[in-house]
Amino acid sequence: MKTEAVIFDWAGTTVDYGCFAPVGAFIKAFEEFGITPTVDEVRAPMGMLKWNHINEMLKGERISAEWERIYGRRATNEDVDKVYDKSEKAILHIVSEYAEPKPYVIEVVSKLRERGIKIGSTTGYTDEMMNIVVPKAKEFGYSPDCWFSPNSVSNMGRPYPYMIFENLKRLEISSVENVIKIGDTISDIKEGKNAGVISVGVIEGSSLMAMSEEEFNSLSDNEKTEIRNAVREKFIAAGADYVIDDIRGVLDLVK
């Protein structure tokens, strides 16, 4: 069997090294309600539909306790709506600054297309966000054959498999067995597994690694190895079929 398609995530996988745009937006949104989340608290649900992401954060032990201390009650769905609205406005102001492709992405996509492989994509971003990111990434030279956001599937984003299924339909793929999904979060891995495709985690520049390119490059070889191993273990624990150091690793996986 031949690989027919590779489906990439966006922030942290193909653009926005370290996945920093959503992190900044979530922190800013919560701060408007008197709570400053830690980076770990922000990154734990990364990759999910943004509303669900905020809901998960508000269920966290520390943030939940802080919300109850400040407002005298537990957070409701209406509170999630309010925080989400703030985060969406914040990210719409900055997301265009985080659309530059990560190292090797353009070259790898070109090589995949030379092999006749189609390029799909899924994201945790909304359509409104993607309408900013997609043309900006295209200016840099990255343009997949299609993309689908949670808005495309009745807001049933990751870990549901439906965005992947929309890719398969649009790209006219014959079997899930001939598809590779690559992402940088646990939600990405679960999305791929739930869709029945080969699910791959990418380490460098990922949300799980949580470092800028400059920070990572400044490390010693031993420190880089330790970080890669730590992230690899998280992907494997989540059920990843493969884990690659950077995007070039997909070229060794295609059939």
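The values are calculated or read from the model by the stated rules, or taken from the named source; none is laboratory data. Every value quoted in this text rests on a predicted model; they were computed, and no experiment measured them. Note that each Cβ is placed from the backbone with ideal geometry, even for glycine, and that neighbours are counted across all protein chains shown. Please note that ligands, DNA and RNA were not included when accessible areas were found on the heavy atoms of the full protein model with its side chains. Shrake-Rupley method; radii C 1.70, N 1.55, O 1.52, S 1.80 Å.
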Highest-first arrangement of 192-204, 52-64, where packing means the average Cβ count within 10 Å: 192-204, 52-64
Angle between the Cα long axis of helix 162-171 and the longest principal axis of the chain, 0 to 90 degrees, nearest 10? 30
For residue 15, distant residues with modelled amide H under 5 Å away: 102
Considering only protein heavy atoms and a probe of 1.4 Å, how much of the accessible area of the chain is carbon and sulfur, as a whole percent? 47
Provide the net charge surrounding residue 145, with neighbours chosen by a C-beta distance below 10 Å and charges set as Lys +1, Arg +1, Asp -1, Glu -1. +3
How many percent of the alpha carbon pairs in region 159-255 exceed a separation of 18 Å? 47
Report, in degrees rounded to the nearest 10, the 0 to 90 angle that the Cα long axis of helix 105-114 makes with the longest principal axis of the chain. 40
Any residue on another chain or 5+ positions along whose placed amide H is under 5 Å from the amide H of residue 118 is listed here as 5, 6
Could you list, in their original order, any pairs among 89/138; 102/224; 138/181; 82/234; 28/59; 234/255 whose Cα atoms are separated by more than 28 Å? 82/234
Suppose only helical runs count, i.e. DSSP H with n ≥ 4. What mean residue ellipticity at 222 nm does that imply for the chain under -39500 (n - 2.57) per run, divided by all residues and rounded to the nearest 500 deg cm²/dmol? -14500 deg cm²/dmol
In the neighbourhood of residue 191 defined by beta carbon distances under 10 Å, the net charge of the other residues (Lys, Arg +1; Asp, Glu -1) is +2
How much area per residue is accessible in region 12-101 when the probe is 1.4 Å and only protein heavy atoms are counted (Å²)? 46
In Å³ per residue, the alpha-carbon convex hull of region 86-182 encloses 107
Accessible surface, per residue, of region 117-211 when the full set of protein chains is kept, probe 1.4 Å, Å²: 36
Below 8 Å, C-alpha to C-alpha, sequence gap of six or more: please give me the relative contact order for the chain in percent. 26
If all Cα-Cα distances of the chain are sorted into 5 Å bins from 0 onward, what percent lands in each bin, rounded to whole numbers? 1, 7, 14, 18, 19, 17, 12, 7, 3, 1, 0, 0
